[in-house]
Amino acid sequence: MLAAMPDSAPSPLSSGGTSPRDGGDACPGTLRLHRADDGALARVRIPGGALSADRADALLAVAGRFGDGKLHLTSRGNVQLRGLDAECGGGPAELLGAAGLLPSAAHERARNIVASPLAGLDGSPSLGGWLSELDSLVCGSAAAAALSGRFLFALDSGRGDVDALGADVTLIAEGGDCLLRVGAADEVFRLPSADGPRAALLAAELFLRAARDSGAWRVKDLPDDGRTALVRAVGATAGPVVHRPRPRTAKAPAPGPVTAPDNSTPATTTTTAISVGVPLGRLAPAQWRLLTETARRYGNELRLTPWRGIVIPGPFGPPEPSTQSAQSEPSTRSGRSGRAAEALDALAAAGLITGPDSPWTGVGACVGHPGCAKSLSDVRAEAGAAVGPVGRLPVYWSGCERRCGHPHGEWIDVVVTPEGHRISHVRGEHRDPRAVVRNDPAALASAVSEARA
């Protein structure tokens with residue numbers, strides 16, 4: 001059973017704890033902005049990526065009033081607002097706070113929680129209870145205010161998708177229980193499901209104690225003996241040990257309809273959601289409005305995914321077989337219900353990825369030049385110029401060796417260096433160099449396509 005939690009007082013909106021690592025942790029939030037070459041940058045934490053339509057409207061309003069008008073999705077299912085005016089002051093935070101997107105100023109950078117975006121939609125269990133409780137517990141813990149902006153919680157529905165993302169503390173749903181993973185440890189602890197969120201917070205607070213001497217921001221930054229001691233300390237308060245290696249590959253939801261059994265007799269399925277990808281994670285105002293309007297029409301919820309996509313829960317109705325020719329519009333494709341197809345067709349027309357055959361499927365990039373001073377190239381433009389047939393592997397373009405926002409698992413890594421574009425095949429910790437291409441766009445596109453295949 002889970003041991004009693006240490007007492008902690010709720011933190012008020014206007015004040016809170018100060019991390020001993022604040023001087024070095026440069027992760028931006030909504031109260032502390034990051035200065036980029038295209039203006040100030042704010043990162044709005046969206047725990048679990050879960051947004052109501054009204055809160056999505058508030059994000060767009062802030063982006064339009066103070067920034068470049070676009071919404072930029074991150075690899076943790078958060079939203080970045082770019083191009084903010086240096087004179088914007090507390091305006092963005094005031095509007096976001098009024099919309100409920102800033103429940104605690106002391107914890108706004110600590111609310112890093114990713115969740116399986118298809119939880120409760122594809123037959124896997126819902127994680128809504130875990131998500132709301134964990135976010136509330138984090139915001140109510142004075143100690144948790146000291147977590148760095150890089151520390152990450154993950155809530156996995158059992159699919160293994162976000163368990164593979166390398167979080168610091170992971171909860172995995174399994175039947176009526178949950179499994180608690182600390183860092184990358186192969187051993188997890190079995191707990192009653194109801195104890196999961198409190199166990200996750202306790203693990204984070206124990207990490208902070210273990211990190212006092214080393215100044216580590218994340219579990220992986222601890223020295224080996226520190227990680228071992230942390231796992232042992234968590235185990236002393238948790239349940240029995242289970243051997244469960246972390247999955248190697250984090251798979252994004254496939255773009256298109258999401259279906260699940262509907263428990264009827266005879267057994268049939270129903271379309272519970274639609275999933276779309278966002279080219280390079282960048283949404284123009286019109287695209288964001290269309291997504292928000294679609295969510296408001298069908299279920300009033302958007303789920304931002306750690307793969308820079310968006311899932312919109314339905315209900316959309318049962319899939320219907322195609323009754324028209326294969327040359328007809330996408331709305332008549334087999335397996336798509338009428339309402340889901342109508343919504344997907346409108347989103348496709350707006351430039352979003354609604355099926356696996358889109359050439360943008362699996363293509364990602366950092367912001368690159370001119371938004372980032374460290375970038376050696378406009379990698380977003382280069383990624384767009386090199387888009388070709390859908391590859392077996394995703395590809396990620398980075399403007400410098402920092403490789404901000406790169407994926408996990410297996411992918412083709414394209415990094416701009418002073419010598420040219422270095423192309424590698426990455427599998428976990430293993431990197432297989434493939435080529436270096438210098439100043440030849442056609443050769444670069446061909447090399448990337450070959451590597452992805």
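Within the range 76-87, residues that are farther than 17 Å from P306 by Cα sit with their Cβ atoms under 6 Å from residues that are open to solvent by 50 Å² or more (accessible area, probe 1.4 Å) and modelled with pLDDT of 90 or more, at 6+ positions apart or across chains, in these pairs: R82/D68; G83/D68. Yes or no: A373 closer than 28 Å to V311 by Cα and either not in a loop (DSSP other than H, G, I, E, B) or not charged (D, E, K, R) (or both)? Spelling it out, it is not the case that A373 is closer than 28 Å to V311 by Cα and either not in a loop (DSSP other than H, G, I, E, B) or not charged (D, E, K, R) (or both). If you go through the range 69-106 and keep only what is open to solvent by 20 Å² or more (accessible area, probe 1.4 Å), charged (D, E, K, R) and under 25 Å from L280 (Cβ atoms), you end up with K70, R76, D85. Return yes or no: is L283 at pLDDT 95 or above, in contact with a Gly (Cβ under 9 Å, 6 or more places away or on another chain) and surrounded by 18 or more Cβ atoms within 10 Å (Cβ to Cβ)? When the stated conditions are applied, L283 does not pass them. The single condition among (1) surrounded by fewer than 22 Cβ atoms within 10 Å (Cβ to Cβ); (2) without any contact (Cβ under 8 Å) to a residue 60 or more places away in the chain that D168 does not satisfy is (1). Scanning the range 37-58 for residues that are open to solvent by less than 20 Å² (accessible area, probe 1.4 Å) and over 20 Å from the mean Cα position of the chain (by Cα) yields G39, A40. Number of residues in the range 259-302 that are more than 15 Å from D345 (Cα to Cα) and assigned to a loop (DSSP other than H, G, I, E, B) equals 10.
Inspect all residues belonging to the range 11-27 and state whether any of them is at pLDDT 80 or above, buried (at least 21 other Cβ atoms within 10 Å of the Cβ) and within 24 Å of L155 (Cα to Cα). The answer is no, given that none of the residues of the range 11-27 is at pLDDT 80 or above, buried (at least 21 other Cβ atoms within 10 Å of the Cβ) and within 24 Å of L155 (Cα to Cα).
Report yes if A273 is modelled with pLDDT of 95 or more, crowded, with 23+ Cβ neighbours inside 10 Å and over 22 Å from the mean Cα position of the chain (by Cα), otherwise no. It is false that A273 is modelled with pLDDT of 95 or more, crowded, with 23+ Cβ neighbours inside 10 Å and over 22 Å from the mean Cα position of the chain (by Cα).
Residues in the range 314-340 that are at pLDDT 75 or above and open to solvent by 20 Å² or more (accessible area, probe 1.4 Å) were compared, and the one that is nearest to T74 (Cα to Cα) is P315.
The residues of the range 401-450 that are among the small types (G, A, S) and touching a residue at least 60 places away in the same chain (Cβ under 8 Å), listed by number, are G405, G409, G428, A445, S449. Looking for something surrounded by fewer than 23 Cβ atoms within 10 Å (Cβ to Cβ), over 20 Å from the mean Cα position of the chain (by Cα), outside any helix (DSSP H, G or I) and on the phi > 0 side of the Ramachandran plot - is there at least one such residue anywhere in the range 59-68? No, the range 59-68 contains no residue that is surrounded by fewer than 23 Cβ atoms within 10 Å (Cβ to Cβ), over 20 Å from the mean Cα position of the chain (by Cα), outside any helix (DSSP H, G or I) and on the phi > 0 side of the Ramachandran plot. Among the conditions (1) farther than 22 Å from D432 by Cα; (2) touching a residue at least 60 places away in the same chain (Cβ under 8 Å), the only one that A383 does not satisfy is (1). Pairing each residue of the range 216-243 that is under 26 Å from D177 (Cβ atoms) and of a type outside the set (K, R) with any residue that is open to solvent by less than 80 Å² (accessible area, probe 1.4 Å) and assigned to a loop (DSSP other than H, G, I, E, B), provided the two are 6+ apart or on different chains, yields C-beta distances under 7 Å for V219/D168; V219/G183; L230/L222; V231/A185; T237/L2; T237/A3; A238/L2; H243/D186. Does R209 meet the test of being over 12 Å from L147 (Cα atoms), assigned to a helix (DSSP H, G or I) and more than 26 Å from the chain's Cα centre (by Cα)? Judged against the criteria, R209 is not a match. Screening the range 404-453 for strands (runs of 3 or more DSSP E) wholly inside it with 3 or more residues that are touching a Phe, Trp or Tyr at 6+ places or on another chain (Cβ under 8 Å) returns the ranges 410-417. Modelled with pLDDT of 90 or more, open to solvent by less than 50 Å² (accessible area, probe 1.4 Å) and either under 20 Å from A260 (Cα atoms) or not aliphatic (A, V, I, L, M) (or both): does that describe A343? So A343 fits the description; yes.
The values are calculated or read from the model by the stated rules, or taken from the named source; none is laboratory data. Model, not experiment: these values are computed from the prediction. When we count neighbours, we look across all protein chains shown, and the Cβ atoms used for this are built from the backbone with ideal geometry, even at glycine. Surface areas here come from the heavy atoms of the whole protein model, side chains and all, with no ligands, DNA or RNA. Shrake-Rupley method; radii C 1.70, N 1.55, O 1.52, S 1.80 Å.
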